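The values are calculated or read from the model by the stated rules, or taken from the named source; none is laboratory data. Small disclaimer: the values here were computed from a predicted structure and weren't measured. Note: ideal-geometry Cβ built from the backbone for every residue, glycine included; neighbour counts use all protein chains shown.
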């Protein structure tokens with residue numbers, strides 16, 4: 001294990017996070033069968049046993065069903081609670097809620113943040129959420145109102161640290177300057193097929209302001225991982241060939257090389273592994289032991305860009 005930082009916080013981590021979005025096996029809570037819960041628990045236990053110490057949730061994942069599965073596991077095995085940090089997110093409201101004609105929207109109002117936190121605490125069977133994130137930028141966000149909600153949750157011992165997700169650097173700055181506390185993380189999409197964060201200031205800001213970037217979909221939805229494919233004639237074939245070559249050299253799979261590429265960056269990216277297959281959950285931690293040569297890191301970058309560097 002290595003000492004890793006999440007913003008202003010210290011924790012023991014494998015440098016990988018486990019993403020709980022799929023552990024229910026469905027997005028409809030009414031479809032969570034005993035078999036699906038058992039499979040979800042097996043995935044969570046594999047992550048605990050493999051040494052993952054940050055578990056990422058959101059209140060919209062199976063409408064809270066994923067939090068409930070994890071909460072039931074913590075209720076039945078309370079010793080697991082001290083082995084990891086529990087993270088979750090709020091702020092997204094799907095269309096049709098509360099009325100049939102209600103639009104899909106984002107809500108960072110004080111009332112919504114507080115109510116969402118209480119519901120997540122109950123579903124997760126915990127007294128404190130370790131990391132609470134605002135899920136997607138609310139264009140109507142009032143930093144002063146968010147600060148009030150954060151202060152109430154923190155003073156009550158219900159949340160330890162706060163972060164954001166899918167925020168641009170300017171949105172992070174606008175919030176951070178007014179809430180009176182550090183933004184611990186910014187969870188964004190980062191992988192060899194999504195390079196925006198390397199040039200739009202996101203990772204530069206993370207380094208400058210001690211914000212930890214959490215990378216969701218670090219395998220691009222699967223095509224960068226073991227067994228992933230792209231269509232015939234797709235120019236990304238060259239990138240996959242390079243990944244396969246490096247995987248052979250390091251005696252791992254393409255998945256671990258793709259994750260190691262993210263881990264190499266000095267912003268200390270924490271990839272969020274979302275597989276529900278115990279063997280793949282355990283295999284992914286091998287990425288932490290891979291230190292790619294600078295030449296190989298840039299070789300992959302150029303292949304991903306599909307053009308040379310300036």
Which of the residues spanning the stretch 142-178 are under 22 Å from the mean Cα position of the chain (by Cα) and in a loop (DSSP other than H, G, I, E, B)? 158, 166, 167, 168
Flagged in the stretch 283-310 as over 19 Å from residue 242 (Cα atoms) and within 17 Å of the chain's Cα centre (by Cα), in numbering order, are 285, 288
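Okay, residues lined up against (1) over 19 Å from the mean Cα position of the chain (by Cα); (2) outside any helix (DSSP H, G or I); (3) over 22 Å from residue 129 (Cα atoms):
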site: 26; (1), (2), (3): no, yes, yes
site: 39; (1), (2), (3): yes, no, yes
site: 43; (1), (2), (3): no, no, no
site: 46; (1), (2), (3): no, no, no
site: 58; (1), (2), (3): no, yes, no
site: 62; (1), (2), (3): no, no, no
site: 66; (1), (2), (3): no, no, no
site: 70; (1), (2), (3): no, no, no
Would you mind telling me which numbered condition in (1) under 14 Å from residue 254 (Cα atoms); (2) assigned to a loop (DSSP other than H, G, I, E, B) residue 232 fails? (1)
For the stretch 1-27, give me each residue that is at pLDDT 95 or above and touching a helix residue (DSSP H, G or I) at 6+ places or on another chain (Cβ under 7 Å). 18, 20, 21, 23, 24, 25, 26, 27
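Yes/no per residue for (1) at pLDDT 95 or above; (2) within 19 Å of residue 271 (Cα to Cα); (3) out of contact with any helix residue (DSSP H, G or I) (no Cβ under 9 Å at 6 or more places or on another chain):
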{"position": "147", "(1), (2), (3)": "yes, no, no"}
{"position": "154", "(1), (2), (3)": "yes, no, yes"}
{"position": "168", "(1), (2), (3)": "yes, yes, no"}
{"position": "188", "(1), (2), (3)": "yes, yes, no"}
{"position": "210", "(1), (2), (3)": "no, yes, yes"}
{"position": "225", "(1), (2), (3)": "yes, yes, no"}
Suppose we filter 57, 104 for residues that are buried (at least 16 other Cβ atoms within 10 Å of the Cβ) and either within 19 Å of residue 275 (Cα to Cα) or modelled with pLDDT of 95 or more (or both); which single one remains? 57
If you go through the stretch 205-215, how many residues are touching a residue at least 60 places away in the same chain (Cβ under 8 Å) and either surrounded by fewer than 20 Cβ atoms within 10 Å (Cβ to Cβ) or part of a loop (DSSP other than H, G, I, E, B) (or both)? 3
Considering residues that are under 20 Å from residue 21 (Cα atoms) and either assigned to a loop (DSSP other than H, G, I, E, B) or touching a residue at least 24 places away in the same chain (Cβ under 8 Å) (or both), the number found within the stretch 89-104 is 7
Please go through the stretch 248-274 and give me each residue that is in a loop (DSSP other than H, G, I, E, B) and farther than 29 Å from residue 205 by Cα, ordered by number. 251, 252, 253
Kindly establish whether residue 120 is assigned to a helix (DSSP H, G or I), out of contact with any helix residue (DSSP H, G or I) (no Cβ under 8 Å at 6 or more places or on another chain) and within 14 Å of residue 57 (Cα to Cα). no
